[in-house]
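Notes follow the structure.
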């Protein structure tokens, strides 16, 4: 082996060593973000006019003064990760400001109508999200049909929405806010593409507290919108008369409507269950009417962006959904499901850089 080859090999090993450290510590970033959300630091910076020192943050949040040096270290790490920016005019006490990421974590409805802190709390929830993956290696070695979540916690994931009031509330709050944000952007991006043209009625399947259905009803007042979900979800849904809430099981029946709307639901299920859900959707929509269709909002892996962050987010969420037995899918995988469910055609419209709207026609 030549000296040049040895030098390249050494450099390669060194780069791999650094990357191993980097990837092994990714959970620190997620848990650090969960901490600042819990402490209300984005909101504290917002209250200070959008700029604050660590001392300001301590005063605003009630962090114990003895922890100031440790908070400084946490903020320094998160600033490097793009959660905040750090200006150091005098090279001593940095002034932290919000970035687009931390701005949507401000808990102030007047300045931030889309508070995504409930969504982050669900995605990074230690007891139900993070700890589930402690069993990943054992699950891969296991030959049973048990889901990753069941192996980790001993119960099906969906039982938590029925038996754990705190989890049920956090889940519904996060999905409502995510739907409100996504639908606002979606309706602006695709409002002229005719996706909702001609519809007189729409049922949001698994629609939670109606964030998506309410946004559609506001944008298209002539469309009668309904939400179908389980009893434990519907019973807690705040009703303002905009949409009708219906308790039911999407595997058993779906309210008849011109369109069935399904946002971030099918990726919770395996292919066979998706076919069953879409069968019920097909029964609910008119098959001989140009209006009849299913509108799916979900990831289509590789669609809509060449941005590595967006693609990595899609793939990370695909692994996240393994805990349910669900999956994110490439276009050919979606096509297979649609054909098995008896549909004849579909159209994909990418939105937000990493999600898509799929119109599926009988």
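Computed from Cα positions, the angle between helix 308-320 and the longest principal axis of the chain comes to roughly 70 degrees. Calculated FRET efficiency, residue 92 to residue 283, Cβ-Cβ distance, R0 = 56 Å: about 0.25 to the nearest 0.05.
Please work out the C-alpha center-to-center distance from segment 68-104 to segment 200-236 and express it in whole Å. One Cα centre to the other: 40 Å. Shape class of the chain from the alpha-carbon gyration tensor: prolate, with a/c at 1.5 or above and a/b greater than b/c.
Rounded to the nearest 10 degrees, the inclination of helix 271-284 to the longest alpha-carbon principal axis of the chain is 40 degrees. The distance from the alpha carbon centre of segment 345-362 to that of segment 279-343 is 8 Å, rounded to a whole number.
Mean residue ellipticity at 222 nm, helices only, the chain: -14000 deg cm²/dmol; runs of at least 4 DSSP H residues each add -39,500 (n - 2.57), and the sum is divided by the number of residues.
With each label modelled as a point 7 angstrom along the Cα→C-beta vector, the residue 330-residue 230 pair spans 3.3 nm. The long axis of helix 3-24 is offset from the longest Cα principal axis of the chain by roughly 70 degrees. A straight chain from residue 73 to residue 85 at 0.36 nm per residue would run longer than the Cα-Cα distance by 3.0 nm.
The overall shape of segment 75-181, judged from the alpha-carbon gyration tensor, is oblate: a/c is not under 1.5, and a/b is no greater than b/c.
Values in this text are rule-based calculations from the coordinates and carry no lab data. Being a predicted model, the structure only gives us computed values, none of them experimental. Counting neighbours? That spans all protein chains shown, and the Cβs are built from the backbone with ideal geometry, glycine included.
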